[in-house]
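A short reminder: the numbers here are calculations on the coordinates, not readings from a lab. These figures come from a predicted structure and were not determined experimentally. All Cβ positions, glycine included, derive from the backbone under ideal geometry; neighbour counts span all protein chains shown.
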Amino acid sequence: MGLTVITFDVVSSVFANRDCRLLLGDARGVLRTLVDDCVDCTVTSPPYYSGRRHVGDTIHEIGSEKTLEEYVDALASVGRELYRVTRPTGSYWLNLDDKCERKEWLGIPWRVAFAMREIGWKIRSEVIWHKPDHVPNAAKDRLTPAHELLFHFVKSKDAYYDMDAIRKPPSPPIWGTNGVVKAPGGSVPTDVWTIQMEDSNFPENPYAVFPEALVELPIRATCPRGGTVLDPFVGSGTTAVVALRLGRKAVGIDASADCLAFTKKRILEFSGQPATPRQAPFNRAVKVSHGRMR
Ligand SMILES: C[S@@+](CC[C@H](N)C(=O)[O-])C[C@H]1O[C@@H](n2cnc3c(N)ncnc32)[C@H](O)[C@@H]1O
């Protein structure tokens, strides 16, 4: 299947019901059509910076910019609109990978994070997504990359945060000297998450698909039930599907009509499926490290 990316000024609704909207177009243009303060939480993974197009001669595919500076600017344009449409108590979770050119890491995630700070976003957490099933590396002079970053940005220091929704029950329980369980509500998760990549259920898609576990904790913690979760690069629809499953509303944007057609099908299939229990915020493919690795 080829992916069709449409041009900047075309925005159309591919799907809409009470809880979910899918909008087709360039994220920068579509976001401008949303009103201020309508989103509680954004969770997204933009296309990585590759300097090339995955999809033919279309002109607004983010990631295909000729220079890194243009790529950062493109993500800053999205970040600026996200700031406007996010409620004052809202959050923005951004997953980005780095790129190595001529044996040198470009530092892309942090460059983008600093661009977000310029806009007004505050960096609340920097999560290391450790990928245990990383790609083997035959290099003789550098380590095998096995992680990506996930930034949590907030608009204000009083951002909404439901820690009880993400506490990790100790297993086995940790008993204090007085015979009382320490941290009975469970411990606060660390900022190192070990999550396996899921096999793509959309093999024709040239982009990486989010593991559901990666978006579940952000949504539980930073979007109240009934609130709205946005993904401006929704791709195969992972963020939207998890949001709906957790009792939130979802707005998904993508420049690819084919991706949105797949997402629509996935949403219709998943609708009505109950949320997984609070005690298991991560699915079975996930192990969570408790200690900091840095
Ligand atoms: C890394 S993928 C997102 C994958 C998604 N997290 C998932 O679980 O499937 C990036 C997506 O951005 C879309 N995209 C590329 N340029 C875009 C643009 N200018 N506006 C909106 N979407 C764009 C691509 O079509 C692709 O689906």
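Quick notes on this one:
- Sorting 109-117, 140-148, 250-258 by average packing, meaning the other beta carbons within 10 Å per residue, from highest down gives 250-258, 109-117, 140-148.
- Charge sum, other residues only, whose C-beta stays under 13 Å from Phe153's C-beta, Lys/Arg counted +1 and Asp/Glu -1: +4
- Three-way shape call for the stretch 221-266 based on the alpha-carbon gyration tensor, with the a/c threshold at 1.5: prolate
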